[in-house]
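One structure is given here, and the rest of the page talks about it.
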Amino acid sequence: MNYLKGVHHVTAITSSAEENYKFFTFVLGMRLVKKTVNQDDIQTYHLFFADDRGSAGTDMTFFDFPNIPKGVHGTNEISKTSFRVPTDAALDYWVKRFDRLAVKHTGIKEQFGKKTLSFVDFDDQHYQLISDEHNTGVESGTPWQDGPIPLEYAITGLGPVFVRVANLQYFKDMLEKVMLFKEISEEGDFHLFEVGEGGNGAQIIVEHNTVLPVARQGFGTVHHAAFRVEDRAVLDEWTARFESFGFHTSGYVNRHFFESLYARVAPQILFELATDGPGFMGDEPYETLGEKLSLPPFLEPKREQIEGLVRPIDTVRSSIMYDKEYE
């Protein structure tokens, strides 16, 4: 059986595609590599923020479903998304930056031997930065070269995905027996699992929590998390594996930028497996990634209708020179 290669992407829900674009571009310095729509709900934007080239394992994506209520954090949810930075010193930079830009954060802490900095955005979506200083395993991506963050401090990709569950034993069994993760450490109510080459880019941190109420999905919460597979052949292996354990799956789904499989692995926890390719540069040149509304071929005939449904968002950055912001 081919092991999963690590985290592929995390998809969350935002109250405002415009504010979301500003936060990820100008505060976090991640590159918008694709501006498209939810393929199952064409009036909803789907924005992809990633590393310089949109590498698998680096992208955080967002839906802005119209009129959706604010989510409620609790148990049985994908509770926090991690972003990797190169060094411990990078976290000192981000504390000063967050203070200057009035981003709420916890200060630098340590978990499982890694320095971290947790923060929230305008929707109370939960994130953390995690230092790669003492990390081994899956390589990270390349920071956005022309963004506002000095490259030595910039975000390079996704780190561990946090999942908060009421039934720890079930979730542990699912991760280990079905998805072939291995528990490697435990700190209080937090359990660290990794897969494949391991390291920050191939980990899940599971929090056992029976005190909080059950989470409710809405803006400010995560919709699903995805994990990497090499190609369609491996994806099909995993479809058969999930179904052999009795899980109902979506079956094969072609998302154009990658190929996918979805399975609800626990109450309210939706996981996706996604191929590393084809990637985000098939329909736009590197220089102008994310600047136009990109549609997969099957939606292209509906472009006029879709452009009438989604309001325009100016995401042109190739004509702007950003100064590196050292504070």
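Tabulated results
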{"quantity": "Filtered residue count, the stretch 113-128, keeping only those that are surrounded by fewer than 17 Cβ atoms within 10 Å (Cβ to Cβ) and farther than 26 Å from Gln217 by Cβ", "calculated": "1"}
{"quantity": "Filtered residue count, the stretch 1-22, keeping only those that are crowded, with 21+ Cβ neighbours inside 10 Å and either out of contact with any strand residue (DSSP E or B) (no Cβ under 8 Å at 6 or more places or on another chain) or over 21 Å from Leu270 (Cα atoms) (or both)", "calculated": "2"}
{"quantity": "Condition check for Val165: out of contact with any helix residue (DSSP H, G or I) (no Cβ under 7 Å at 6 or more places or on another chain), of a type in the set (Val, Ile, Thr) and under 30 Å from Phe122 (Cβ atoms)", "calculated": "no"}
{"quantity": "Output for the stretch 284-327, where each listed residue is under 30 Å from Tyr93 (Cα atoms), among the charged types (D, E, K, R) and loosely packed, with under 11 Cβ neighbours inside 10 Å", "calculated": "Glu287, Asp314, Asp323, Glu327"}
{"quantity": "Single residue of Asn38, Asn67 found to be closer than 16 Å to His9 by Cα, free of Cβ contacts under 8 Å to residues at least 60 places away in the same chain and either surrounded by 24 or more Cβ atoms within 10 Å (Cβ to Cβ) or not hydrophobic (A, V, I, L, M, F, W, C) (or both)", "calculated": "Asn38"}
{"quantity": "Members of the stretch 149-193 that are surrounded by fewer than 22 Cβ atoms within 10 Å (Cβ to Cβ), among the hydrophobic types (A, V, I, L, M, F, W, C) and touching a Pro at 6+ places or on another chain (Cβ under 7 Å)", "calculated": "Leu151"}
{"quantity": "Residue check for His191: over 30 Å from Pro66 (Cα atoms), assigned to a loop (DSSP other than H, G, I, E, B) and without any contact (Cβ under 8 Å) to a residue 24 or more places away in the chain", "calculated": "no"}
{"quantity": "Of the criteria (1) within 16 Å of the chain's Cα centre (by Cα); (2) of a type outside the set (A, V, I, L, M); (3) at negative phi, which one Thr136 fails", "calculated": "(1)"}
{"quantity": "Some residue of the stretch 125-132 being of a type in the set (A, V, I, L, M, F, W, C) and touching a residue at least 60 places away in the same chain (Cβ under 8 Å)", "calculated": "yes"}
{"quantity": "Selection count, the stretch 249-281, where residues are among the hydroxyl-bearing types (Ser, Thr, Tyr) and surrounded by fewer than 17 Cβ atoms within 10 Å (Cβ to Cβ)", "calculated": "2"}
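For (1) in a loop (DSSP other than H, G, I, E, B); (2) touching a helix residue (DSSP H, G or I) at 6+ places or on another chain (Cβ under 9 Å), each residue gets a yes or a no:
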| site | (1), (2) |
| --- | --- |
| Val95 | no, no |
| Glu110 | no, no |
| Asn135 | yes, yes |
| Val138 | yes, yes |
| Thr142 | yes, no |
| Gln145 | yes, no |
| Ala154 | yes, yes |
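A quick yes/no check of all residues on (1) within 18 Å of Leu47 (Cβ to Cβ); (2) hydroxyl-bearing (Ser, Thr, Tyr); (3) touching a helix residue (DSSP H, G or I) at 6+ places or on another chain (Cβ under 9 Å):
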{"site": "Gly220", "(1), (2), (3)": "yes, no, no"}
{"site": "Val229", "(1), (2), (3)": "no, no, yes"}
{"site": "His256", "(1), (2), (3)": "yes, no, no"}
{"site": "Val265", "(1), (2), (3)": "no, no, yes"}
{"site": "Gly277", "(1), (2), (3)": "no, no, no"}
{"site": "Asp283", "(1), (2), (3)": "yes, no, no"}
{"site": "Phe298", "(1), (2), (3)": "no, no, no"}
{"site": "Val316", "(1), (2), (3)": "yes, no, yes"}
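Each value in this text was obtained by applying a stated rule to the coordinates, not by laboratory testing. Small disclaimer: the values here were computed from a predicted structure and weren't measured. Cβ sites come from the backbone with ideal geometry, for glycine too, and all protein chains shown count toward neighbours.
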